[in-house]
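Data block below; observations after.
Bear in mind that the values in this text are calculations on the coordinates, not laboratory data. Remember, it's a predicted structure, so these values are computed and weren't measured experimentally. Here the Cβ positions follow ideal geometry from the backbone for every residue, glycine too, while neighbour counts run over all protein chains shown.
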4 protein chains.
Amino acid sequence: MQLLALKTEHLAASTVHVGATAVGGPELALMAGPCAVESFEQMRRTADALISLGIRCIRGGVYKPRTSPYSFQGLGEAGLEIFRAIKRETGLAVVSEVMSVTHLEQAADTFDCFQVGSRNMQNFELLKELGKMRKPVLLKRGLAATIEEFINAAEYVLSEGNPHVILCERGIRSFDPLTRNVLDLASVALLKQMTHLPVIVDPSHATGKRSLVLPCSRAAVAVGADGLIVEVHPEPEKSVSDAAQALSFDDLAQLVAEVEPIAAAVGKPLPQAEYSFEF
Amino acid sequence: MQLLALKTEHLAASTVHVGATAVGGPELALMAGPCAVESFEQMRRTADALISLGIRCIRGGVYKPRTSPYSFQGLGEAGLEIFRAIKRETGLAVVSEVMSVTHLEQAADTFDCFQVGSRNMQNFELLKELGKMRKPVLLKRGLAATIEEFINAAEYVLSEGNPHVILCERGIRSFDPLTRNVLDLASVALLKQMTHLPVIVDPSHATGKRSLVLPCSRAAVAVGADGLIVEVHPEPEKSVSDAAQALSFDDLAQLVAEVEPIAAAVGKPLPQAEYSFEF
Amino acid sequence: MQLLALKTEHLAASTVHVGATAVGGPELALMAGPCAVESFEQMRRTADALISLGIRCIRGGVYKPRTSPYSFQGLGEAGLEIFRAIKRETGLAVVSEVMSVTHLEQAADTFDCFQVGSRNMQNFELLKELGKMRKPVLLKRGLAATIEEFINAAEYVLSEGNPHVILCERGIRSFDPLTRNVLDLASVALLKQMTHLPVIVDPSHATGKRSLVLPCSRAAVAVGADGLIVEVHPEPEKSVSDAAQALSFDDLAQLVAEVEPIAAAVGKPLPQAEYSFEF
Amino acid sequence: MQLLALKTEHLAASTVHVGATAVGGPELALMAGPCAVESFEQMRRTADALISLGIRCIRGGVYKPRTSPYSFQGLGEAGLEIFRAIKRETGLAVVSEVMSVTHLEQAADTFDCFQVGSRNMQNFELLKELGKMRKPVLLKRGLAATIEEFINAAEYVLSEGNPHVILCERGIRSFDPLTRNVLDLASVALLKQMTHLPVIVDPSHATGKRSLVLPCSRAAVAVGADGLIVEVHPEPEKSVSDAAQALSFDDLAQLVAEVEPIAAAVGKPLPQAEYSFEF
C-alpha cells in the first residue's frame, strides 16, 4: 500500500498555510518566538520584532513538556489568553505545542498550527485526533526516529483525513556532549525526495547553541528546507528555558540577512518584506 | 529537591504488587505473554503454560502502538473481554499497555498493571493521569532516553501520588542492524543503585531475536533485575506481530530452568513452584 | 594547556596548500575522484573532467581499508604508478589515504596530501609519523568521534611539528539504515569557531546516496565549510566500490553549478574557472 | 565465501591459550591488572593479588592510546622491563596493547597476548601483521563497530594464518553521559552463536564506573562470556588513568566470589583455586 505521505506522479509538493505563511510554496517560510510564553509584554515585543522582519508566524510554548515534573510547565490558559491578545493586535499566526487531547480542545480556537513535539512523535492517539481536525500540524521528528517512522507518524494524521502536515527536523540524539543533538540535514533532502509534505528545520533545538543557529539555518535553507522555526527572546539570558539557544532580535535580523541570499540561490526566496497588516 | 524516585536512608527498595506477583521483593518476578492479544484460545493456552511454570502475571497488547497506521492496532474492547475471561478462569494478573487517557478509562477494571510503552515514556499528560490512580504502572524506557530522563518520567507518576511504579529496561536504539535494540544492562544496576523502584527487563523487545532471549534473561537476573517480562506465543511463527522474538512454551520452560540457578546465586530466587490457584 | 589546533588571538585561520588548491583561504576548495584507483584510463578521464570544472585536486584510493579482508584492497604500487602518470600529464595534485607507516614511505613522493581515514582517526602512531612530515594531512573524523577527540587527533599531528592539517567531516554513525551515516554539519560550524584549521566535508561517504550528495554539498558550503571532497567516477555503476554514492561527471558539473551561488553568498567563492595548466 | 571466524559443523569452539589461562575452554578465564603499568612495585603487588585469587594472566598498558598527545603515553621500554621481571618472578602471563608494528616488534618477547584496542579495531595493517604471528590476539570491539565489522576485523588476523583470536566486548558508544559506554551483552551471545572464537568482556571500560563492574561481570558470565578482563589497581584513587573504574584488590576478591556461583550455574566454572606455580 502506498502511503499518503509519499510523492506521487500527481502530487509532488503540498503547501500548508499557517495564517499568511505558506509552507512548502515558492517562498521560504519563517516562524520564530520564545521557547515558552512568559508574559504578554515578552510576546508583544517578540511579535513586533518578527513583523519588522517580515515574519508572520509566532511560536511559543503554553504547554511545556519538561523532563522534570518540577520544572516550569507552561502558563496554560493564561498563555492562551496572551496568544489571543497577540493575534488580535498583530494578526500573526500562532504555532504551539499540544501534548494531549485536552490541550487540543483548549487551544483549538487559539492555535493556528498544532505542534507535536519530538517526545510525542509516536503518541499515536494524539496524532489520530489531530487527523480528525482540519488545522495544520507541525510534526517534529523524534530524537531516535528513523525516516520511515517519521513518515509513518505523519501518516497517522493524513490517514484520518487531515492533509495539512508539516514535517520538522530538529536534531537526533547522538554521542557528542558538545551539542544538544545532531542536526540531520540529509534527512531533509531525503524527506523532500520521498514525500510531498513541506519540511522545515528547527536549528535551535537541533544544536542547543546560539552560535550554531545561524550557520545551521543557512545550511538548512541550502539543503532544500521549506522553512525555519527559530527560538528568539527579547532577553535571551532571561529566558525561563533553553536560554543557551535563544537568539536576540539582532541575531534574528542577522539570520534573515544571512539566509536571504542562500534562499535566493536555491530558488526559494524570502517572502516580500513589504508585508503590511492592517490593524 | 530530592526526587521521590531516589533511594533514601529510609526507603531503599519498594515492592510493587501486580496480583500475586511481588515486583521488587525477595523473589524474582516473572511476566510473560504474547505481543498482542489475538484470541481467547491463544490467551488461554498461554495462561495454562504460565501457570504450569509458576508464572502468575500475563501480558499481551490490546491497544497496539504500531509504526504504521495500517498495521494491526489491537483488538481493543474485544481484547479486554478476553482478558476478563482469562482472569475469571485462571486468576492471573494482567499487565497491558495503555496509550491514552481513553484507554485508561476503558481498561481500568481489566488491567492489573498499566504498561507505558517506550514511545510514550515522555507522554507526560498520560503519566500524570496514571499518577492519579493507585494501580501499578510498568514504565518502559524510551529508545533514546537517558537514565536521568527515565527516572524523571517515573517522577511524573510518583509526584501525583501513585507510588506503584516499576521501571523496565527494554533496549535502546543503536547502530547495529543485527539486533533490534541494544539491551543496556548496566542501566539496570545503575537504576537499582540510584532509585528504590523495582526494575525489570524485557529481553524480547531488547534483542528482537529468539536466540538471544534466554542468554539475555540470564544476564538480566545476574545483573540484579527484579524480574523479567517475556514474549511467548502458543505458535510463535503465527504471531501477528514480533514473530521473530516470541518464545514457544518449551523455550519459556527452558528460560525458567536456566534462570533459576542464577536467581538463586544472586539471592533473588524464583517464587515457589507449588503455586496453586483455586478456580 | 592550550591546544595548538585552537583558534588564538593571533591565528584565526590557517590555509593549507594541496598543490594549487588552497584549503582554508578565501576560495572554496574542491577535491574529487573515484573511491578507488582502478586504471589509468579511469583516472585520466576523471582528471580531464575535473580540469574542465576548474578542480585541481584528484582523490582516489590506492590502499583501500575494506571491512572484509577478501574485498578489493586497492592497486598498491600499480596505483601509485597511475597517479604519477596523471600528475605528470595533468599537473593535478593527489590526495589519497595511507593506513600505515609503510604506505607513507611508499607514497611519499606521489601523494600531495595524505588522507587518514575515519577508521584510523585515532591510530596515534600513524598520526605521529605524519606529524614528522611537512606534507598536508587530510584527517577524517571517526565514525563515533566526538569533536574533542577529533581536535585532539589533529593535535597528534600538530604537536609533532606539522601544521598542515585539514579536518574533514564525513558523517557519524547513527541508527537510521536509510542513510550510510549522518552528516553532522553543525560540527563543521563548531570546528570553524573553535579551531584555526581548515574544515572540509565529504558528502559522499556521509550519505552513501547519490541523490543526497548535491543537496548536502550546498548545505556544507552554506554552513561554512572550506571545501568539499566528492566521489566521482566515469561510470558510477561500474565502480568497484561505493557505486551507490559516486557521481557521474554530469552530476559533478551540476554540483559545481549549484554550489557556486551559495559559495558566493557566504563569501567563499569558487576559484576562478580560467584555470590554465601548461603541459 | 565462508569466513574463517564462523562456526562450522567441524569447529564449534576454539580455545586460545594465554600462558596457563585457557580462553574458550571449559573454565572461565580471568585477566586483571591496572590500566597502565606505572612501577614495578605496583605490578608486583597486583600480581600477588591475582595469584591469591587464582588468576594467572595480568594486564596493563605499556603503550597507552590516549585521546590527547599530552597525556601520559605509557612507560614504553621501561614498562616492558617491568613486565619481564613480573613474569620471571611470578610466572603470570601478560596481555597488553600494541598500536603499531614497531610495538609488536619491541614487545614480541614480553607479551603473551597482544591486545588491539577499540581505536585500532580496523587498523587493518596492524591486524595483518598480527596475523603473521602465532601469538594470541585479544581484539577489542570498536566503539561504533557492528558485529559484522567486528567479525571481519578478526578475519584479517585469521586469514593471515593466526588462529589464536579472542574477541572482547568492551562497550559501544551511546548517548547517556551517566556511563562511559554501553555494555552490549547481547552481542556476546550473538558472537558465541555465530563464531567459534572465544569471547570475553571488559566490564571496566564498558561502564567506566567502579560500582557497575561487579554486577556487569556477573551478567557477562551469565550471558555466556568465556572470560573477563578487569581493571584493578593497588590504590585505585592514585591510578594515573581510568581511576574511576579501577577496582581495589578487595573489590576483585568480591568480584571473584560473586561470579563463582554464576559461572557454576552456566557450566563454565572458575579454574581450580589450588593454582600452584613453581618458581
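In table form, for the structure just shown:
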quantity	calculated
Total formal charge among the other residues, if their Cβ is under 12 angstrom from that of residue C:181, Lys/Arg +1 and Asp/Glu -1	+1
Packing-based exposure ordering (other Cβ within 10 Å, fewest first) of D:41, D:260	D:41, D:260
Region A:95-164: trypsin sites (Lys or Arg not before Pro) in DSSP loop, at most 10 other beta carbons within 10 Å	A:134
Student exercise, chain C dipole from Lys, Arg, Asp, Glu Cβ charges, in Debye to nearest 20	320
Centre separation in Å (Cα based) which lies between region A:138-205 and region A:57-104	21
Cα centre as origin, Lys/Arg/Asp/Glu Cβ charges: region B:62-129 dipole, Debye	220
Over region D:23-264, relative contact order from alpha-carbon pairs under 8 Å, at least 6 apart, %	19
Filter on C:192/C:268; C:128/D:209; B:7/D:238 - keep pairs with C-alpha separation over 24 Å	C:128/D:209; B:7/D:238
The protein assembly as shown, helix-only ellipticity at 222 nm - DSSP H runs n ≥ 4, -39,500 (n - 2.57), divided by all residues, nearest 500	-11000 deg cm²/dmol
Nearest residue to the symmetry axis between C and D, taken on chain C by its Cβ, in whole Å	C:144, 2
Descending principal axes extents, the protein assembly as shown, alpha-carbon based, whole Å	81, 72, 49
7 Å along Cα→Cβ, label-point gaps from residue B:109 to other copies, nm, shortest first	3.6, 8.6, 9.1
Label spacing, shortest first and in nm, from residue B:8 to its equivalents in the remaining copies (7 angstrom along Cα→Cβ)	5.5, 6.0, 6.4
Diffusion constant of region D:54-106 at 10 °C, which comes from Stokes-Einstein with the Kirkwood Cα-pair radius and 1.306 mPa s, µm²/s	133
Within-9-Å neighbourhood charge of residue A:36 [Cβ basis; K, R +1; D, E -1]	-1
R0 of 60 Å, Cβ-Cβ distance residue C:8-residue B:178: FRET efficiency to nearest 0.05	0.85
Quotient of Cα Rg and 2.2 N^0.38 Å for region A:96-180, N being how many residues it contains	1.09
Value of Rg/Rh across region A:28-265 [Cα atoms, Kirkwood radius]	0.93
Net dipole in debye of the protein assembly as shown [+1 Lys, Arg Cβ; -1 Asp, Glu Cβ; about Cα centre; nearest 20]	0
Above-threshold pairs, the threshold being 29 Å between Cα atoms, out of C:140/D:140; C:132/D:135; B:140/C:140	C:132/D:135; B:140/C:140
Burial ordering of C:118, A:241, fewest other beta-carbon atoms within 10 Å first	A:241, C:118
